[in-house]
1. If LYS66 meets every condition in (1) open to solvent by 60 Å² or more (accessible area, probe 1.4 Å); (2) assigned to a loop (DSSP other than H, G, I, E, B) apart from one, which number is that one?
2. What residue, among those in segment 183-205 that are part of a strand (DSSP E or B) and open to solvent by 40 Å² or more (accessible area, probe 1.4 Å), is farthest from VAL131 (Cα to Cα)?
3. Select from segment 164-179 the residues that are touching a residue at least 40 places away in the same chain (Cβ under 8 Å) and polar (S, T, N, Q) and write down the one among them that is surrounded by the most Cβ atoms within 10 Å (Cβ to Cβ).
4. For segment 99-134, what are the residues that are near the ligand (Cβ under 9 Å from one of its atoms), aliphatic (A, V, I, L, M) and crowded, with 22+ Cβ neighbours inside 10 Å?
5. Which of the residues belonging to segment 44-55 are buried (at least 18 other Cβ atoms within 10 Å of the Cβ) and over 17 Å from THR31 (Cβ atoms)?
6. Quick check: anything in segment 69-82 crowded, with 17+ Cβ neighbours inside 10 Å and touching a strand residue (DSSP E or B) at 6+ places or on another chain (Cβ under 6 Å)?
7. Just wondering, is there one or more residues in segment 165-176 that are of a type in the set (Lys, Arg), at pLDDT below 95 and in contact with a Lys or Arg (Cβ under 9 Å, 6 or more places away or on another chain)?
8. Going residue by residue through segment 141-159, is there one that turns out to be aliphatic (A, V, I, L, M) and near the ligand (Cβ under 10 Å from one of its atoms)?
Amino acid sequence: MIITIDGPAAAGKGTLAKRLAEKYKLAYFDTGMVYRAVGCDLMNNGFSVDDAAAAAAAAQNMTFGKMMSLANHPDFRSAIGGQAASKVAAMPKVRQALLKMQQDFAKNPVASDGTKVAGVVYDGRDTGTVVCPDADIKLFITASPEVRAMRRHKEYLQKGLPSSYDDVLAQTKERDQRDSSRSSAPLRPADDAIIIDTSDMDIDQVFNSVCKIIDQR
Ligand code: C5P
C-alpha cells in the first residue's frame, strides 16, 4: 500500500503522515528531507545554495545514510534550511538525481522501529505526481498561507527558535511561489488526488476524515 500526501509547507502533511504510518503499520518517508540534505551539504562545504553545478553534484552523491546524518545539522529544520531546500529543489538535475532514492524506499520499506512493513506513506510536493504516480491513495493537503505561517511560527517558538510571524508569512509565500512556478515537478495535486483544505480543521479532524477514506478503499 502506497499513500502519497502532497501540499504546501506547514499544511499538516508531516503530522498526518506519521499518524497514518503508525495506524496502518507503514513506513514513513518525508521527502523534503532529501532536498534539505542537499541544501545543508552545500552550506557545510561553503557552497552557495544557488550554485546549480555544486547542488547537482551534492544530489548525485546523496545517500539515505548521508541524508540521515545531515538531519542533525542545526539548520536542517530551520527556516534557512527550508529556503535552501526550496532553492535546490527547483533545479531539474537535483530532482532527477534524487528521484531513484525516493522510489527505491518503497521496494523494501522499514518502519521507524526497524520492522519490515508492507507499504509507505510519502509526504512531499510531487510524491503523487512524480515519485509514485501509481500510488493507491493520493491526498493533497492544503491551508491558507496565513494559517500555515501561524502554525510554523508557533512550532519555531515551541522549539525555542527565534521567530516573527510576518517573516514566516513572507517566507511561506515565497516558498509557495517558488514551489508552484518551477519548471520541474511544480507543486500541484495529482489528477486523482483527494484535496483537503485544513484551514478550519484540527489535526484530529483531518486524521479521522482521511482514515475514513482509507478504510472505505
Ligand atoms: O516539506 P519540506 O518543508 O521539508 O520541504 C522543503 C522543500 O523541499 C520544499 O519547499 C520544496 O521546495 C522541496 N520539496 C520538493 N519536493 C518534495 C518535497 C520537498 O520540491 N517532494
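1. Checking LYS66 against (1) open to solvent by 60 Å² or more (accessible area, probe 1.4 Å); (2) assigned to a loop (DSSP other than H, G, I, E, B), the one that fails is (2).
2. Among those residues, the one meeting the criterion is ASP197.
3. If we filter segment 164-179 for residues that are touching a residue at least 40 places away in the same chain (Cβ under 8 Å), which is where we start, we get 167-168, 171-172, 174-176, 178-179.
If we keep only those that are polar (S, T, N, Q) too, we end up with 171-172.
On the way: GLN171: 18, THR172: 25.
Within segment 164-179, the match that is surrounded by the most Cβ atoms within 10 Å (Cβ to Cβ) is THR172.
4. Residues of segment 99-134 that are near the ligand (Cβ under 9 Å from one of its atoms), as a first pass: 102, 122-127, 130-131.
Add one more test, that the residue is aliphatic (A, V, I, L, M), and what stays is 130-131.
Within segment 99-134, just VAL131 meets the criteria.
5. VAL49, ALA54
6. No; the residues of segment 69-82 include none that is crowded, with 17+ Cβ neighbours inside 10 Å and touching a strand residue (DSSP E or B) at 6+ places or on another chain (Cβ under 6 Å).
7. No, segment 165-176 has no match at all.
8. There is no residue in segment 141-159 that is aliphatic (A, V, I, L, M) and near the ligand (Cβ under 10 Å from one of its atoms).
The values are calculated or read from the model by the stated rules, or taken from the named source; none is laboratory data. On a predicted model such as this, the values are computed, not experimentally measured, just so you know. With ideal geometry, Cβ positions are generated from the backbone for all residues, glycine too; neighbour counts draw on all protein chains shown. The area values use the complete protein model at the heavy-atom level, side chains included, leaving out ligands, DNA and RNA. Shrake-Rupley method; radii C 1.70, N 1.55, O 1.52, S 1.80 Å.
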